[in-house]
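For reference, the structure is listed below as structure tokens.
Rule-based calculations on the coordinates, nothing more; no lab input. Everything numeric here is computed off the predicted structure, so don't read it as measured data. A quick note on method: Cβ atoms are made from the backbone with ideal geometry, for glycine too, and the neighbour counts reach across all protein chains shown.
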Amino acid sequence: MTRSLAKQYDGGVRALDDLSVTIDSAAVSGRETPGGVVGLVGANGAGKSTFLKIVLGLMPPTSGSIQVLGLDPTVDGELVRARVGYMPEYDCLPPDISASELVTHFGRISGLPKATARERASETLRHVGLYEERYRQIGGYSTGMKQRVKLAQALVHDPDLLLLDEPTNGLDPAGRDAMLDLVRRIGTEFGITVVICSHLLGEIERICDYLVALDGGRLLRADRVDTMTAGQDELVIEVDEPADSDPTDAEGRAGDGADALVELLRSRGLDAARDGRSVVVPLHDPSTYDLILDAVADLQLALHRLDQRRHRVAELFANAS
Amino acid sequence: MRTGVIHDLGYQRYTGPRFGRGYAFRTLYSHTLRTSFGLGRGVKAKIFSWTIIGIITLVAVVLTDIGSQSSEPVMTSPMFVDNMATLTILLLAAVAPELTSRDQQTRVLGLYLARPMRREDYALARLAGAVTAIFLVLAGPVTLMFAGAALSTDKGASGVGDAAVDWLQGVAHSATHALVLGSISLLAAALIRRRAIAAAAVVAVFLVGLPAVGVAAELSGSQGATELVSMVAPVAALSYLDTWLYGGSDLDIVHGPWLLLYVVAVIAACTALLVIRYRKVPA
């Protein structure tokens, strides 16, 4: 979708530098159906909000080109914005009108006929979890409710692409989980492609299909979450000495059985390694399990634990940089 | 699922018509018009707007009544519009910040700009809505006065004809007032984020030049010089323009064409500056 995108602010701050990334709906969701959740992660100042503003056509890139939904937002900004929903990071709600009025009004500004806007506003507010409260003035809402209203106004016109800038800002842990579940549902059940910005990778990785990591305006990595973690899973094995061996060994030199297991697994072609008390083996395919079980049995060790450990995406980025 | 109970249909995609920029502009325009009259807002906003509208209408009714009892009308319609300038400014001081400062202060502006609407569309829709509202507030009572004069005239058809001419002049002058005062007020308010300060600024912009006009009239005694000085106080300039265009007073206006040019220039400059302001304002 973007090619060599760069944005230089007045004053010489380079917010985005030579950014080329394609976020394709089918590639994102891994299915034929539209939808899916793309995580845009990076530290504060990595260029996430700048990127969203360029996608919306609110500011032109200094160089490079961009295509959104097949359109160029620098030329057809209105057409792009008609099909895109945007939830800003900052507080942007007037306190003196009701959520229902606000969302209806913005539905109309987005191009919905009057009656449809009213209908979709209450539908959308219901989907984000606001019911009778929607007739009360927004000034009295909690932060969690305000975030829901902000999401509803971005969703009311049924966009094809939804841009969420830090939607979990200011929410408590329960509120974060609820918001992320909602975003996940929008990406899967609603069939809308969602781009969610966050500086907390750990928080959004579980709901994302695809991750784009920015660092200092540059692309760090962009790939499907499952390819990022594929081939990265490990099996963690803990073994106890057989019961008939010297019990002091288990206290003092607990490693003997494990060391022997590492030796044997290596000789059988597995890249085993010690990690504290346990043995770690990369998981390639199901036959790895058989090899491990055979080795444990041959050494007459007691298998204490055999776990699959999933690499967290954060570790991958830590390794990459 | 076929149990006959109402169940959640889930999310429904929208496949109906979607309108573009023009529709967004019209929607914001009518929203602005409603907001100016306090519709869709709290009770306090309604009370203020409608008190001022009520006073202007009341003055019109009283004038009509007095005019119907004497043979000559008390004042021409354009003069009535000039005399209502203070009330018009008060109304604008309440309305203009609501239309401009509020969206900047609460940052709602960002939500507008993320939609099929350009920055200049927003500025012009707000301006057009405010100008229309002020025009209606002034032209309404003027029309009331025309109705009263036409019904109570004792000169027959020529009386109705005179009243109609006066009405048309009043409507035209209402439009001029609405354009000049509206564009100045919106520009002043759009520059200030805080609503209360913006309201004070709107009043200040119109008051600040008035002493100069008074002093100039006293000192020089020359009508031409006073007219030129009046250009720092739009309300005074508008009333001189009224006299030059429609008569109704004994004053001999010297710089009529310049006053007309001044009014056109003010409207154009304020509109252009408002658009420029909204190109710059952070969303």
* To do: Using the structure shown, select from A:LYS114/A:LYS150; A:LYS150/B:LYS46; A:LYS146/B:LYS44; A:LYS48/A:LYS150 the pairs with a Cα to Cα distance greater than 22 angstrom.
  => A:LYS150/B:LYS46; A:LYS146/B:LYS44
* To do: Report, in deg cm²/dmol and to the nearest 500, the calculated mean residue ellipticity at 222 nm for the protein assembly as shown, where each DSSP H run with n ≥ 4 adds -39500 (n - 2.57) and the sum is divided by the residue count.
  => -17500 deg cm²/dmol
* To do: Calculate, axis by axis, the spread of Cα positions in the protein assembly as shown along the three principal axes, and write the results as whole Å, longest axis first.
  => 127, 64, 43
* Asked: To the nearest 10 degrees, how steep is helix B:43-69 against the longest Cα principal axis of chain B, on a 0 to 90 scale?
  -> 30
* region B:222-283 and region A:181-229: distance between their alpha carbon centers, rounded to Å -> 57
* Using alpha carbon centroids, what distance separates region A:41-86 and region A:272-313, in Å? -> 47
* Asked: Just going by the charge dipole of chain B, with Lys and Arg at +1 and Asp and Glu at -1 on Cβ, which of B:LEU111, B:ALA200, B:ALA163 is farthest out on the positive end?
  -> B:LEU111
* Structure fact -> Using eta = 0.890 mPa s and T = 25 °C, Stokes-Einstein with Kirkwood Rh from Cα pairs puts D for region B:36-184, in µm² s⁻¹, at 147
* Asked: Contour minus end-to-end for A:ASP233 and A:TYR289, with contour as 0.36 nm per residue of separation and end-to-end as the Cα-Cα distance?
  -> 18.9 nm
* Asked: Of all DSSP beta bridges located in the protein assembly as shown, what percent are antiparallel, nearest 5?
  -> 60
* Structure fact -> Mean separation of Cα contacts under 8 Å (at least 6 apart) over the residue count of region B:229-283, i.e. the relative contact order in percent, is 27
* So if R0 is 41 Å, what FRET efficiency would B:VAL165 and B:LYS44 give, r being the distance between their Cβ atoms, rounded to the nearest 0.05? -> 0.50
* To do: Would you kindly state how much longer the chain becomes between A:LYS114 and A:VAL21 on full extension, computed as 0.36 nm times their sequence separation minus their alpha carbon distance, in nm to one decimal?
  => 29.7 nm
* **Unit charges at the beta carbon, dipole of region A:138-194: most positive-side option, A:PHE190, A:LEU161, A:ILE138** => A:ILE138
* Asked: Could you give the dipole magnitude of the protein assembly as shown about its Cα centre, charging the beta-carbon of Lys and Arg +1 and that of Asp and Glu -1, in debye to the nearest 20?
  -> 2200
* **Isotropic mean projected area of the C-alpha convex hull, region B:20-280 (nm²)** => 15.0
* **Cα centre as origin, Lys/Arg/Asp/Glu Cβ charges: region B:20-280 dipole, Debye** => 2160
* **With Cα atoms, 0 to 90° folded angle of helix B:256-280 axis to chain B main axis** => 20
